[in-house]
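Read the structure below first, then the notes.
The values are calculated or read from the model by the stated rules, or taken from the named source; none is laboratory data. Every value quoted in this text rests on a predicted model; they were computed, and no experiment measured them. Quick reminder, even Gly has a Cβ in these numbers, built from the backbone with ideal geometry, and neighbours come from all protein chains shown. Remember, those area values only see protein heavy atoms, side chains included, never the ligands or the DNA or RNA. Shrake-Rupley method; radii C 1.70, N 1.55, O 1.52, S 1.80 Å.
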Amino acid sequence: MKVQDLAKELNKSPKELIVLLSSMRIKVKSGTTKISFKIVQDVKKRLSAEKAAERQDTYSEGPSKIKTLTLPGLSIKYLAELLEVSLSEVMHAVLRKGLLLNLNSEIDAQTARNIAETLNIDLKIDIEKSAGQSTIKDDLDKIEENEIDSDPDALEERPPVVTIMGHVDHGKTLLLDAIRKTNVVEKEAGGITQHIGAYQIKYHSKLITFLDTPGHAAFTTLRARGAQVTDIAILVVAADDGVKPQTIEAINHAKAAKVPIIVALNKADKPEANFDLCKQQLSNHGLVAEDWGGDIVMVPVSAKTKDGIEEILDMIQLTAEMQELKAHLNGPAKGVVIESRLSRKKGPIATILVKSGTLKVGNPFIAGSIAGKIRALLNDQGQKIEFASPSTPVEILGISEVPSPGNILEVIENEKECKIMSEQRKVSAKNEQLQNRHFTFETISKEIESGSSIILNFIIKADVNGSLEALQTFIEDCSSEKVAINIIHSATGPITENDAMLAKASNALIIGFNVPVNTDAQKMAEEESIEVKTYSIIYEIMDDINKVISGSFKPVYEEYETAKVEVRQIFAFSKVGKIAGSYVLSGNVERNITAKVFRDNKEMFSGKIDSLKRFQEDVKSVASGFECGIVINGFSDLKEGDSIICYGLREKKH
Ligand code: GDP
């Protein structure tokens with residue numbers, strides 16, 4: 001790059017830049033001298049450092065200060081417990097305040113007070129530092145006091161964070177690539193490789209941050225964990241293919257997160273591209289183009305020929321301006337973990353998107369429940385940097401364990417405090433895991449029965465459009481004064497992991513009619529306790545929902561076979577009585593499980609397995625194909641040839 005070009009980019013005269021370079025011991029002859037990529041970087045670093053130092057000076061002189069209290073680990077759920085009101089009342093208050101928070105979102109003292117105020121409760125918080133075991137009230141006592149400048153001027157504009165979403169093969173990857181290649185400033189340096197799942201470009205001398213994890217992962221996984229990082233969603237729709245199932249999913253994900261959407265009508269270079277058809281299909285899903293009288297910007301682009309990319313970037317900047325995205329530059333940094341991994345050489349590594357403050361090398365921090373100290377910061381091109389400001393993605397080294405995407409990283413100046421918080425959070429995370437039950441038909445029904453108002457979010461999947469529409473209409477009609485119903489996503493096709501993610505992020509229930517549940521979705525639903533109900537008779541869905549809404553839903557449980565055992569030999573011991581030497585034919589036998597004894601196909605006894613042994617050892621379970629010794633509580637009459645069938649209990653499926 002030539003000196004004069006860099007000077008132009010930095011709004012300086014070539015002479016000023018030459019003086020600056022010489023102060024950095026870099027000699028250049030004239031404005032036309034070429035300088036290396038490294039020098040360009042060094043100059044920029046130096047200028048940002050000067051600017052940051054200037055800001056620091058200005059802020060420290062700032063007259064008015066308020067105290068903002070951050071309550072480590074205070075979530076909406078905790079607040080509900082503390083205020084002794086139901087979760088749904090607190091969630092109503094959260095929605096009334098227009099806050100995008102879920103039950104596990106961490107909140108600060110001011111937010112807690114605002115929510116309490118909406119509920120007509122005057123929340124007083126005692127600031128008293130103490131250490132020890134973590135209870136909700138203790139957490140409030142262990143408030144970390146941070147001073148944040150109350151001067152609104154201290155809020156600085158920050159770059160927008162953009163996520164690209166859309167159907168597979170519609171061109172998300174190529175578009176991200178095209179944007180990166182055409183706009184990375186240091187193109188001349190050649191061979192720029194991106195190291196982390198996010199990158200920044202400069203366009204019209206302003207930065208834009210792109211999250212480089214196409215699909216819904218970056219978006220919904222993070223939101224499911226209570227962290228929203230995306231400011232603008234670019235919905236890529238291939239103009240030769242139109243709206244497809246994942247397009248609709250993406251629309252609903254963005255809508256649920258209340259993130260503005262810009263539509264990129266991609267593959268505009270193809271002769272088959274049909275913009276009007278796309279616009280019409282999109283309008284069926286609530287996205288009406290500006291030229292059709294709506295308010296959604298739709299830009300024809302070609303990721304291949306790069307036509308229209310500038311328009312997309314213009315629109316991003318315009319949308320960002322309207323959003324007035326701002327953040328504090330001073331004060332301890334806060335960020336969100338957007339990805340993490342374990343490197344063999346460097347140990348645990350996390351990519352952080354800074355949300356506020358400036359993250360610096362040497363800062364002690366806590367991410368989720370993991371404490372650490374920033375050993376190094378690497379930018380999106382793998383270069384070491386000294387600090388990172390809001391909306392900047394950085395890789396951090398110096399963390400002791402791998403944090404989870406969605407964890408919040410907070411800089412806590414006092415290292416000791418950091419360690420105490422880490423311990424406390426580990427304890428509360430464990431407790432939360434135990435208590436963290438998702439909304440189910442049963443819990444909602446109980447809440448409604450106890451007189452609470454509630455918002456019910458549904459995701460509906462059905463085999464064909466006809467039944468989908470019928471279900472939608474029925475469910476929407478169930479709204480009442482006490483129960484507000486939102487259908488956040490409905491589509492034909494199986495229940496997928498994306499549905500489960502959306503359900504987790506939005507506290508929704510999933511209803512499937514004549515559709516299977518994909519294995520990944522099943523796994524996630526089990527792990528995250530998401531209610532997935534599948535039916536094959538519409539009437540039964542209606543019946544269940546009516547019961548939930550009237551507060552009278554009771555799940556029906558059924559027994560199911562978990563193991564089958566054959567008694568092969570009886571051993572009599574004077575102390576324990578008879579032990580049935582048995583062979584497990586199928587399943588897993590477990591101690592304390594309910595077992596029924598059958599002789600000649602007749603049930604002889606039903607009770608619990610009292611003792612289960614492998615050789616002389618007491619064991620918890622024995623798998624099929626192994627021998628074991630069994631004693632059934634209250635039944636000493638086991639005989640050779642008896643069958644023992646073990647049963648578990650599960651909610652009856654329709
Ligand atoms: P993704 O699955 O959404 O990330 O889609 P990709 O970026 O991998 O693109 C899928 C296919 O469409 C690839 O073969 C691309 O080369 C092609 N493609 C993407 N954008 C365009 C475009 O604007 N024009 C044309 N003709 N092909 C494109």
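Close contacts from segment 294-314, counting a first residue that is closer than 12 Å to L176 by Cα and touching a residue at least 60 places away in the same chain (Cβ under 8 Å) and a second that is within 9 Å of the ligand (Cβ to nearest atom) and of a type in the set (V, I, T), with Cβ to Cβ under 8 Å and a gap of 6+ residues or different chains, come to I309/V301; I312/V301.
Of the residues in segment 308-331, at least one is within 16 Å of the ligand (Cβ to nearest atom) and surrounded by fewer than 17 Cβ atoms within 10 Å (Cβ to Cβ).
Taken over segment 286-307, the criterion of being over 29 Å from the mean Cα position of the chain (by Cα) and either away from the ligand (no atom under 15 Å from the Cβ) or not assigned by TED's automatic domain parsing to the domain that holds I232 (or both) is satisfied by A289, E290, D291, W292, G293, G294. Has segment 510-529 got any residue that is touching a residue at least 60 places away in the same chain (Cβ under 8 Å) and surrounded by fewer than 21 Cβ atoms within 10 Å (Cβ to Cβ)? Scanning segment 510-529, I find at least one residue that is touching a residue at least 60 places away in the same chain (Cβ under 8 Å) and surrounded by fewer than 21 Cβ atoms within 10 Å (Cβ to Cβ), so the answer is yes.
Taking each residue of segment 534-547 that is surrounded by 14 or more Cβ atoms within 10 Å (Cβ to Cβ) and looking for partners that are hydroxyl-bearing (S, T, Y) and not in a helix (DSSP H, G or I) with beta-carbon atoms closer than 6 Å, six or more apart or interchain, yields I541/Y535. A Cβ distance below 7 Å, combined with a sequence gap of six or more or placement on separate chains, defines the contacts here; from segment 592-607, residues that are within 12 Å of V631 (Cβ to Cβ) reach residues that are modelled with pLDDT under 90 and open to solvent by 60 Å² or more (accessible area, probe 1.4 Å) in the pairs G607/N633; G607/G634.
Residue under question is I385, and the condition is that it be open to solvent by 10 Å² or more (accessible area, probe 1.4 Å), closer than 21 Å to E156 by Cα and touching a residue at least 60 places away in the same chain (Cβ under 8 Å); does it hold?
The answer is yes for I385.
Just checking, which of V184, V85 is outside the structural domain of I248 (by TED's automatic domain parsing) and either charged (D, E, K, R) or modelled with pLDDT of 50 or more (or both)? Show your work before the answer.
Details: V184 fails: outside the structural domain of I248 (by TED's automatic domain parsing).
Matching residue, one of V184, V85: V85.
Taking the numbered list (1) closer than 27 Å to S490 by Cα; (2) crowded, with 18+ Cβ neighbours inside 10 Å in turn, L277 passes all entries but (2). Restricting the search to strands (runs of 3 or more DSSP E) fully inside segment 458-574 and requiring at least 3 residues that are closer than 30 Å to F635 by Cβ gives 557-573. The set of residues in segment 225-271 being polar (S, T, N, Q), open to solvent by less than 30 Å² (accessible area, probe 1.4 Å) and under 28 Å from E157 (Cα atoms) consists of T230 alone. Annotation for segment 278-285: no member residue is in contact with a Cys (Cβ under 7 Å, 6 or more places away or on another chain), modelled with pLDDT of 95 or more and either assigned to a loop (DSSP other than H, G, I, E, B) or not assigned by TED's automatic domain parsing to the domain that holds S369 (or both). Strands (runs of 3 or more DSSP E) fully within segment 343-419 that include at least 2 residues being over 22 Å from the mean Cα position of the chain (by Cα) and not assigned by TED's automatic domain parsing to the domain that holds D212: 370-378, 393-399. Restricting the first member to segment 156-179 and to residues that are at positive phi, and the second to residues that are β-branched (V, I, T) and within 7 Å of the ligand (Cβ to nearest atom), the beta-carbon pairs closer than 6 Å and six or more apart or on different chains are G166/V236; G171/V236. Return yes when K360 is under 21 Å from E156 (Cβ atoms), touching a Phe, Trp or Tyr at 6+ places or on another chain (Cβ under 8 Å) and of a type in the set (K, R) and no when it is not. Taking the combined requirement at face value, the residue satisfies it.
Of the residues making up segment 442-473, just one is within 19 Å of K255 (Cβ to Cβ), touching a Ser or Thr at 6+ places or on another chain (Cβ under 6 Å) and of a type in the set (V, I, T), namely I460.
Filtered by the rule that a residue be within 14 Å of the ligand (Cβ to nearest atom) and touching a helix residue (DSSP H, G or I) at 6+ places or on another chain (Cβ under 8 Å), segment 248-262 gives a lone residue, E249.
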